[in-house]
Amino acid sequence: MTTKTMTRWTVWKRSSMGFVGMDGFSIYDAEGRLAFRVDNYSRSQKSLLLMDAKGKPLLSLKPKMLSIYDQWDAYEGEEEVGRHAKTRSNKPLFSMRRPSILHSRVDMAEIFMNGLITDEEPSFCVEGSFSSRSCQIFRQRRGNYKEAVAQISRKKANSLVELGDDVFSLIIKPEVDCELIMAFVVVMDRICRK
């Protein structure tokens, strides 16, 4: 989903289901309508599912086992196969990871589209402090040129009051895939867990 104008979102690190012990996200548009959600019914559950407001699976987010870079792979949605859910494709849409095993405490990440991690530049990168809710997502261009496509900042109730770090603002530039950016935010939360 891309838009022609800049979009503002409110991200609440809380499941839309609102049950105690659940881990997830609720993402609201500028009018306060639920637009995306991640409902994780168990904190020990490793894979996550980004859904639209109605619960339609959009992207399945899965950690790569035994990854020293905290790598996560994203696949297109899920579908029911018998009594089990299965991703629609075996090929990752993107792979996201820390840029180095030496930077395990730094809130940075690099994203490789089509799941192809190579020695070349990543397709996107996250720079700044995600934990402090002050970072940007950049699209990498040729020649070390980076274009800011999204910004995360602390949510303010008014000019004097900042909300807690479980609620933050996300601004996405025009012509950028909002679902993709939402997936990056969810994976960043897992990579940068305190």
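So how many residues does region 18-49 have that are at pLDDT below 85, touching a strand residue (DSSP E or B) at 6+ places or on another chain (Cβ under 8 Å) and farther than 22 Å from Ala74 by Cβ? Adding up the residues that qualify gives 0.
Restricting attention to region 183-194, the residues that are open to solvent by less than 60 Å² (accessible area, probe 1.4 Å) and part of a loop (DSSP other than H, G, I, E, B) add up to 1. Kindly indicate whether any position in region 77-87 is at pLDDT 90 or above, within 21 Å of Val38 (Cβ to Cβ) and either not basic (Lys, Arg) or not in a strand (DSSP E or B) (or both). No, region 77-87 contains no residue that is at pLDDT 90 or above, within 21 Å of Val38 (Cβ to Cβ) and either not basic (Lys, Arg) or not in a strand (DSSP E or B) (or both). For region 88-104, which positions are open to solvent by 30 Å² or more (accessible area, probe 1.4 Å), modelled with pLDDT of 90 or more and not in a loop (DSSP other than H, G, I, E, B)? Result: Arg97, single match.
The values are calculated or read from the model by the stated rules, or taken from the named source; none is laboratory data. Being a predicted model, the structure only gives us computed values, none of them experimental. In this analysis, Cβ positions are derived from the backbone assuming ideal geometry, glycine residues included, and neighbour counts consider all displayed protein chains. For the accessible areas, the whole protein counts, side chains as well, though only heavy atoms, and no ligand, DNA or RNA atoms are used. Shrake-Rupley method; radii C 1.70, N 1.55, O 1.52, S 1.80 Å.
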